[in-house]
Amino acid sequence: MRILLCLFLCVPAFAASKKLTGTQPLPPMPAAAFTVVIIPDTQAYTGKGCKATPDSTDPVTNSNLEAQVKWIAAHREDQNIVFVSHVGDIVDKNNASEWAVARQHLDTLRGVVPFSLTVGNHDMTTKGDAHLFQEHFPAASFKDYPWYLGSYTHTRKDQNVSANNVNSAQLFSAGGMDFIHLSLECNAPDDVLAWAGDLLSKNASRRALITTHMDLGILDKPKTEEGFIHDPKGRMRWVKIHGARGNTAEQMWDKLFRKHPSLRLIFCGDQSRVTALKLTTPSDDGHPVTSMLTDYLSQPALRLLRFVPAENRIHALTYDVVNNVLVSDTPYVHELDQHQFTLDYPMQPAAK
């Protein structure tokens, strides 16, 4: 009995804490719908030198990221996937071995579907040095894709900071609508926000989507571990990157997001213990802008945003691609409507 009790109590806490649950299958695609896929933080690396397996001598792998990109490639046609956005924290320890694995898997999307990569706090140093991301996913490697609009540039000496695809823009069209998407690094500084605002103004006829790593989560930096779960939540008021130059999510809202009539959707990650959260806020001209946090503890979940023009709605479905079920519950968020929900999103002209 004592041995059995020890076996039960000695199960690592993270084994249970990572579990996503659900029973329902993915519903059929609505007629004429198209899908934008959001890849949450993908920090579940295992093997030599990884946090999860400190004593391992095995090669570094990430089976969850592998499963996510394989599902996207396999279902691009039947789900009519038109764009894919990664919310950041592509890697965990920001070392060459993890970046090599990330590139191995994410490169399989090239030539399959337009996609963007957002640089999270785990993907660079606290001062914003993202040279390993730049080495593995430089702007030059995207320049020949017609959907790649370009990336932020500057003339300072610190080219490892903010430039060379760390902040990028993409174009795509679907359902008779033209879109522009921006990936903005974690706590993007003012110069990056100015670049982003200029692009949105120049492409004002396109519907805008933005992915940035930190937007929704714990409002103020927690002082305890419990605070990362239970403290008040909303648009964040603290930074992890760039020090005094870095903008909080609240500052990014005030300086950029609220000002552009074309922007209605913001995607983010970063907050695994908040996991899933949505917030709709009126912009300066009164139209609603919805932010969505998607961080499923680096498990093999994807958020599938099905745009349904006939309904003027988006069906947001969170899907476990390994167990082939819709996620209905997680360790920290038990409300179903944070994982599966619909949003109003005007796509058809109003009836006269």
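The values are calculated or read from the model by the stated rules, or taken from the named source; none is laboratory data. From a predicted model like this one, the values you see are computed outputs, not experimental measurements. Glycine also receives a Cβ, built like all others from the backbone with ideal geometry; neighbour counts cover every protein chain displayed. Quick note on the areas: whole protein, heavy atoms, side chains included, nothing else; ligands and nucleic acids left out. Shrake-Rupley method; radii C 1.70, N 1.55, O 1.52, S 1.80 Å.
Brief remarks follow.
- Filtered residue count, segment 166-178, keeping only those that are of a type in the set (F, W, Y) and either without any contact (Cβ under 8 Å) to a residue 60 or more places away in the chain or not in a strand (DSSP E or B) (or both): 0
- Residue tally, condition closer than 21 Å to K51 by Cβ, surrounded by 23 or more Cβ atoms within 10 Å (Cβ to Cβ) and out of contact with any Cys (no Cβ under 7 Å at 6 or more places or on another chain), over segment 119-135: 4
- Residue in segment 203-216 that is without any contact (Cβ under 8 Å) to a residue 24 or more places away in the chain, among the hydroxyl-bearing types (S, T, Y) and either under 30 Å from R156 (Cβ atoms) or open to solvent by 10 Å² or more (accessible area, probe 1.4 Å) (or both) present: no
- All of (1) without any contact (Cβ under 8 Å) to a residue 40 or more places away in the chain; (2) touching a Ser or Thr at 6+ places or on another chain (Cβ under 7 Å); (3) more than 24 Å from P30 (Cα to Cα) hold for Q251 with one exception: (2).
- Residue check: A163 meets all listed conditions (1) open to solvent by 20 Å² or more (accessible area, probe 1.4 Å); (2) over 18 Å from L209 (Cβ atoms); (3) over 18 Å from the mean Cα position of the chain (by Cα) but one, namely (1).
- The residue of segment 42-99 that is surrounded by the most Cβ atoms within 10 Å (Cβ to Cβ), among those that are among the hydroxyl-bearing types (S, T, Y) and in contact with a Gly (Cβ under 9 Å, 6 or more places away or on another chain), is T61.
- Extreme residue, most open to solvent (accessible area, probe 1.4 Å), among residues of segment 260-282 that are within 23 Å of V239 (Cα to Cα) and of a type in the set (S, T, Y): T280
- Identification of strands (runs of 3 or more DSSP E) wholly contained in segment 179-287 with 3 or more residues that are not charged (D, E, K, R) yields 207-212, 216-218, 263-268, 276-282.
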